[in-house]
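The values are calculated or read from the model by the stated rules, or taken from the named source; none is laboratory data. Fair warning: this is a prediction, and the values are worked out from it, not measured in the lab. All Cβ positions, even for glycine, are placed from backbone atoms using ideal geometry, and neighbour counts span all protein chains on display. Note: accessible area is taken over every heavy atom of the protein model, side chains too, but ligands, DNA and RNA are not part of it. Shrake-Rupley method; radii C 1.70, N 1.55, O 1.52, S 1.80 Å.
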Amino acid sequence: MKVLLKELVQVRCGDKGNDSDVNIFASNERIYAYLKEELTEEKVKAFYGDLVKGDVIRYEVPNVLAFKFHLKEALGGGGSSSLRIDGLGKTMGAVILRMEVDIDEGLLKNDKKDSLYIGQSNSIS
């Protein structure tokens, strides 16, 4: 079944010059393992399309069930020269939450049993 990434994760992000970093936090170890296969550098770069001109580098941070994506040349030159009016790097995290992923329904149902399931509310309870 296809779901938006926002149903599975939380995100934090920021910017430094012309680069953005997007940090994705899985709700539990099973979702982290699934995302380890699903969220590749190639898929993330393809999802952002022309917004990211440079490379996408993924760092795995398993101790906090997270991935850090470094998006190079993603902010139209950075704060002092970009024509983008939004909060630069912050918006890159909001964008990736709209990425659609194909996940096994059983994994999603089992995930609801865990206390960190994000689901419709997109918050940790």
Exercise. Inside region 16-55, can you point out the residues that are at pLDDT below 90 and open to solvent by 70 Å² or more (accessible area, probe 1.4 Å)?
Worked result: LYS16
Exercise. So, of the residues in region 63-89 that are open to solvent by 80 Å² or more (accessible area, probe 1.4 Å) and either part of a loop (DSSP other than H, G, I, E, B) or among the aliphatic types (A, V, I, L, M) (or both), which turns out to be modelled with the highest pLDDT?
Worked result: GLU73
Seminar exercise, completed: Result of the Cβ filter at 6 Å on region 6-19, keeping first residues that are over 16 Å from LEU65 (Cα atoms) and partners that are assigned to a strand (DSSP E or B) and of a type outside the set (A, V, I, L, M), at least 6 apart or interchain, is GLY14/ASP21
